[in-house]
Structures are given as C-alpha cells and as structure tokens.
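The values are calculated or read from the model by the stated rules, or taken from the named source; none is laboratory data. Keep in mind that this is a model prediction, so the values were computed, not measured. Neighbour counts run over all protein chains shown; Cβ positions are idealised from the backbone, glycine included.
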Amino acid sequence: MTDSTQRFSDRVANYIKYRPGYPGEMLQFFREEMGLRESSVIADVGSGTGISAKFFLDNGNTVYGVEPNDAMRAAAQELLESYPNFHSIKGRSDKTGLDPASIDLVTAAQAFHWFDPDTTRIEFRRILKRGGYIALIWNERQLDTTAFHKDYEQFLLKFASDYSKVRHENVNTEKLRDFFQGDFETRVFSNSQILDFEGLKGRILSSSYMPTESDERYAPMAEELARLFAKHEEHGRIKVLYDTKVHYYQV
C-alpha cells in the first residue's frame, strides 16, 4: 500500500454505517472449503473499520486486524472493543508485524486492489502456517442488472474523481494468478442492501473517489442523486445488489 492508506480518513463514519456486510453463507463456505474452526487464527489485512473482522469474530475466531490508516483503525477498535480476541495492529500488507507461521487464514476484504502484490505475497506467505489459506474478498456491485444499477453506474462515472482507475474490478484473473502464483478458486455469493435516501447518500460518500461536502461538485452531485433516487425508489427504498466474490488459494 502506498499513499492510498490515507484515502478513507474523512470517510470513516459513512464507511461504518453504510458499507455492506457479508452474507452468512460465506462463513459455512470457509468452514467446508478452508477448514475454518473457532480455533483458527486470522489476519485481516487492510481491515479498515472492522466490518470483515467482526464477521469472523462472531464465529469465535482470534482476529488480528492490520490497518495503516489511523482513523479507520481507531474506528475498528471502538466497534470491536467488546471482543477480547480482536487485536488491532498498525501495519501494512507488506509489513504486518505478525510472527512467522502464526496465521491459519489471511483475508483481505475490499482491500487487495490497494496492495503492492509482489511484496504482499512475500509477507502473506511468511505469516501463514503450512497449508494455510489466502482469501481475497470483494462485494462487487452489480452494474447493469436493473435500470437503477445502470443509471447509478453512469452517475458514478459522471461525478467520481478516479473511479475507473481504482475500482477493484480492475483486479482481473491474470493479476490474481500472478499474485497467487498458481491456479486459485473463486466462489460467488448473493448479497444486497436496502437503503433509504440517506443510506444511499451515505453509501456514496463512503467511497474515496466521490466528492465530499467541501467539494464544489458536491451540491450538483447531491441534486442529481435525489433525482436518481426519486426515479427508482419503491416505498422509499432502493435495493443495491452485490456479488460477494471470494478468491482463495492454499499456500
């Protein structure tokens, strides 16, 4: 990770409140495919505000949340303060600060596209136990399955600063194979959010490429968002559809 580590410093509140979680079916998949047990030790790298760490903490796992951004790490510490088996670490994907061969599963949720793949690969393999797994997880918003999703994508392309450059969909099969240095597996799960207008606006403002309230583009963006919501809402709500993708590999 480079200067991207500071991109979300002013997005923390919206990130916590409005980013989607992960479907429960994904946990059973980790148990069946990767041998996840309550005793498994997890390094959640690029752990952000703790959304993905909480997913595994609720399963009883010990989780080391590795996060370079101070604001996001502090938010995770507050969110997860009731979990004694959560350990917050100021670190990077290539310098986690974890002991060699100490981790059963390394996860990176909504984060791998910010990492340097070559140095990260070395670090992940260093901290993993023999036979451990790496799992890269993304909630990928559907782009064109409904009229709303088509209009929403055009809205983002119009107002975002560097959306086309930083979207995680840019991490393609070739890049993943280069990172894993072998054939990896992928599993896809259905996921969704149902949002009112404030929720949709908060979801947008949680993205690092969208203008904040201090930006001159914010007012026209908010006006167009209101029109977009009014066009597509049903009973005051919008349904946002995601494909939760897990790319995984046993080292």
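In the range 181-194, is there at least one residue being modelled with pLDDT of 95 or more, surrounded by 18 or more Cβ atoms within 10 Å (Cβ to Cβ) and within 18 Å of residue 20 (Cβ to Cβ)?
yes
Take residue 98 and tell me if it is closer than 18 Å to residue 240 by Cα and either surrounded by 15 or more Cβ atoms within 10 Å (Cβ to Cβ) or at pLDDT below 95 (or both).
It is false that residue 98 is closer than 18 Å to residue 240 by Cα and either surrounded by 15 or more Cβ atoms within 10 Å (Cβ to Cβ) or at pLDDT below 95 (or both).
Let me spell it out: the conditions are (1) farther than 30 Å from residue 28 by Cβ; (2) of a type in the set (Gly, Ala, Ser); (3) in contact (Cβ under 8 Å) with a residue 12 or more places away in the chain; (4) in a helix (DSSP H, G or I), and residue 199 meets all of them except one. Which number is the exception?
Answer for residue 199: the failing condition is (1).
Against the conditions (1) surrounded by 19 or more Cβ atoms within 10 Å (Cβ to Cβ); (2) among the hydrophobic types (A, V, I, L, M, F, W, C); (3) modelled with pLDDT of 95 or more, where does residue 75 fall short? Just the number, please.
Of (1) surrounded by 19 or more Cβ atoms within 10 Å (Cβ to Cβ); (2) among the hydrophobic types (A, V, I, L, M, F, W, C); (3) modelled with pLDDT of 95 or more, only one is false for residue 75: (3).
Can you pull out the residues in the range 202-225 that are outside any loop (DSSP other than H, G, I, E, B) and among the basic types (Lys, Arg)?
203
Filtering the range 138-180 down to residues that are among the β-branched types (Val, Ile, Thr) and at pLDDT 90 or above, which residue is nearest to residue 221 (Cα to Cα)?
Only one residue tops the list, namely 146.
Kindly check whether there is at least one residue in the range 27-49 that is at pLDDT 95 or above, crowded, with 17+ Cβ neighbours inside 10 Å and at positive phi.
Yes: the range 27-49 contains one or more residues that are at pLDDT 95 or above, crowded, with 17+ Cβ neighbours inside 10 Å and at positive phi.
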